[in-house]
Amino acid sequence: MSHIVLTAVGGDLDETLSLSDEKAPAPTGDELLVAIEASPVNNADILFAAGWFGVYPQLPGAMGAEGVGRVVEAGPDADQSLVGRRVLVLPTFVQGTWADHVVIPSRSAIPVSGTADALQLAMLPVNPATAYALLHDYAKLQPGDWIGLNLANSAVGQYVIALAKRAGIRTLAVVRRADAVGPVQESGADIVLVDGEDLSGRAAEALAGNELKLFFDGTGDPEQIARVSSSVEAGGSIVAFSSATGQTPTLPLPDLIYRGVSLRSFFILGWLGRTPRPELERIYGELAALVESGGLSASVEATYRLDQHREALAHAQRPGRTGKILFTPGR
């Protein structure tokens, strides 16, 4: 079994990550041995390796939060009918999917289609689930409602726009660069604006009297939040799902006190922990069906073997990247 291991927290990933080879352990109890087909590199993985994520690494620790693969062996207490089935590996930041094989508890596996694109399925556990929860858990959105988001050309942004469009929900998308406008428009956003000091006025003009029920923030930048918060309806919410700047998001006092706009948050591990298993199976089943039908996808920029992990991690951190980076040990 080959897998990428974190040996120190923080520092240069070229030095703190290494490829380890050992005999694949046999699953025991309610465990499954999964042959990984594909596993993405997420910003959360990089933050985890740096010690800046919501859970702290235990060293040495296997890397990789999510992925897809086929069950090759089941422990004596596990469902034997899963052997040969393709499953999503849900993120725990413990089991490590940057590997050719991984042993996981059955509760971390969700059976999915055996014929859909493995690369797209591998990306389902984190970003599409985040987009789904953002659209369903913070307001009762109806067709014709408006929501806003920044980091609109990110993977989460692509999924939010795609799922919103399918539901008839209209989107105001904010990007940081002018060259991102075209791709975000092509993904289906109704309004795409480049951030800047005059964003508040441009957003109000573009919305033409409409207001946002929700705004999804992935920057953490209080200044950008202040530029969009006036477009959120009284009693609406800004939901922080990431902080690309590393800053702590805040709301302007007039929006918070006088208009009742709330600042809320989303964390994928918290969502997975509080969502009942039947609901998780339903949600991931719906997302997987959309992948199989071609109705849901994210751009893939490159794939790498496990022994190319240095190149893969450097590529994943490259400014201006337009698609996801994945490991494909089983392809």
(message) I'm trying to understand the selection: among the residues of segment 107-128, which are closer than 25 Å to residue 25 by Cα, in contact with an Asp or Glu (Cβ under 7 Å, 6 or more places away or on another chain) and assigned to a loop (DSSP other than H, G, I, E, B)?
(response) 125
(request) Tell me which residues, restricted to segment 205-220, are open to solvent by less than 30 Å² (accessible area, probe 1.4 Å) and either of a type in the set (Asp, Glu) or more than 22 Å from residue 127 (Cβ to Cβ) (or both). (result) 207, 217
(request) Looking at (1) touching a strand residue (DSSP E or B) at 6+ places or on another chain (Cβ under 8 Å); (2) open to solvent by 20 Å² or more (accessible area, probe 1.4 Å), find the lone condition where residue 122 falls short. (result) (2)
(request) Mind listing just one residue for me: the one in segment 52-91 that is under 21 Å from residue 26 (Cβ atoms), in contact with a Leu (Cβ under 8 Å, 6 or more places away or on another chain) and among the β-branched types (Val, Ile, Thr) and, of those, surrounded by the fewest Cβ atoms within 10 Å (Cβ to Cβ)? (result) 72
(message) Can you say whether residue 257 is open to solvent by 70 Å² or more (accessible area, probe 1.4 Å) and among the hydrophobic types (A, V, I, L, M, F, W, C), as far as the supplied structure shows?
(response) yes
(message) Tell me the residue from 237, 297 that is at pLDDT 95 or above and surrounded by 14 or more Cβ atoms within 10 Å (Cβ to Cβ), please.
(response) 237
(message) Condition first: hydrophobic (A, V, I, L, M, F, W, C), assigned to a loop (DSSP other than H, G, I, E, B) and touching a Ser or Thr at 6+ places or on another chain (Cβ under 6 Å). Can you find one or more residues in segment 214-226 that meet it?
(response) no
(request) Sort through 297, 243 and tell me the only one that's within 30 Å of residue 18 (Cβ to Cβ), in a loop (DSSP other than H, G, I, E, B) and of a type in the set (Ser, Thr, Tyr). (result) 243
(request) Kindly indicate whether residue 162 is part of a helix (DSSP H, G or I), of a type in the set (A, V, I, L, M) and open to solvent by 10 Å² or more (accessible area, probe 1.4 Å). (result) yes
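A quick yes/no check of all residues on (1) β-branched (Val, Ile, Thr); (2) under 20 Å from residue 323 (Cα atoms); (3) open to solvent by less than 20 Å² (accessible area, probe 1.4 Å):
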site	(1), (2), (3)
113	no, no, no
129	no, yes, yes
152	no, yes, yes
166	no, no, no
185	no, yes, no
203	no, no, yes
(message) Based on this model, can you work out whether residue 144 counts as on the phi > 0 side of the Ramachandran plot, touching a Lys or Arg at 6+ places or on another chain (Cβ under 9 Å) and open to solvent by 30 Å² or more (accessible area, probe 1.4 Å)?
(response) yes
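Within segment 45-54, is there a residue that is touching a Ser or Thr at 6+ places or on another chain (Cβ under 8 Å), of a type outside the set (A, V, I, L, M, F, W, C) and at pLDDT below 95?
No; the residues of segment 45-54 include none that is touching a Ser or Thr at 6+ places or on another chain (Cβ under 8 Å), of a type outside the set (A, V, I, L, M, F, W, C) and at pLDDT below 95.
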(request) Within segment 308-331, track down each residue that is more than 19 Å from residue 68 (Cα to Cα), part of a helix (DSSP H, G or I) and in contact with a Leu (Cβ under 9 Å, 6 or more places away or on another chain). (result) 310, 313, 314
(request) Spot the failing condition for residue 313; the list is (1) within 18 Å of the chain's Cα centre (by Cα); (2) open to solvent by 60 Å² or more (accessible area, probe 1.4 Å), and only one is missed. (result) (2)
(request) Output the number of the condition that residue 197 fails; it satisfies all remaining conditions of (1) at pLDDT 95 or above; (2) out of contact with any Gly (no Cβ under 8 Å at 6 or more places or on another chain). (result) (1)
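The values are calculated or read from the model by the stated rules, or taken from the named source; none is laboratory data. As the structure is a computational prediction, the values presented were derived from the model and not from experiment. All Cβ positions, even for glycine, are placed from backbone atoms using ideal geometry, and neighbour counts span all protein chains on display. We work out accessible area using only protein heavy atoms, side chains counted, and drop any ligands, DNA or RNA first. Shrake-Rupley method; radii C 1.70, N 1.55, O 1.52, S 1.80 Å.
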